[in-house]
């Protein structure tokens, strides 16, 4: 595929320890090394809520963030889907109504 025909992929990520491997890959230039230089990465320091807003508005095509923020956004009508886990984790959430 010619370079001018490649589509840039907008990947949004939040800053979280779970995603450290992704940040290492980016910092070491491995995306470019393996010809994935058409991926535009934007970090969302504001968290998953900020990333979810960008996904809903079409400013990001793929997002790597925390599930609870995505679920909250979807429950409020966002038009994206959670497709699977990025990392395996034993973290659990618990809700209790007083």
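The values are calculated or read from the model by the stated rules, or taken from the named source; none is laboratory data. It should be emphasised that the depicted structure is a prediction, and the values quoted were computed from it without experimental measurement. A quick note on method: Cβ atoms are made from the backbone with ideal geometry, for glycine too, and the neighbour counts reach across all protein chains shown.
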Checklist outcome for this item: Within the range 31-49, residues assigned to a helix (DSSP H, G or I), farther than 22 Å from residue 80 by Cβ and touching a helix residue (DSSP H, G or I) at 6+ places or on another chain (Cβ under 8 Å) come out as 31
Item to check | Pairs, first part of a helix (DSSP H, G or I) in the range 65-77, second loosely packed, with under 14 Cβ neighbours inside 10 Å, C-beta under 6 Å, six or more apart | outcome: 70/82
Checklist entry - Right, residue 53: more than 11 Å from the chain's Cα centre (by Cα) and within 16 Å of residue 70 (Cα to Cα) or not? => result yes
Checklist entry - Out of curiosity, is residue 48 in contact with a strand residue (DSSP E or B) (Cβ under 8 Å, 6 or more places away or on another chain) and surrounded by 12 or more Cβ atoms within 10 Å (Cβ to Cβ)? => result yes
Checklist entry - Which one is modelled with the lowest pLDDT among residues in the range 70-98 that are in contact with a strand residue (DSSP E or B) (Cβ under 8 Å, 6 or more places away or on another chain) and under 21 Å from residue 17 (Cα atoms)? => result 86
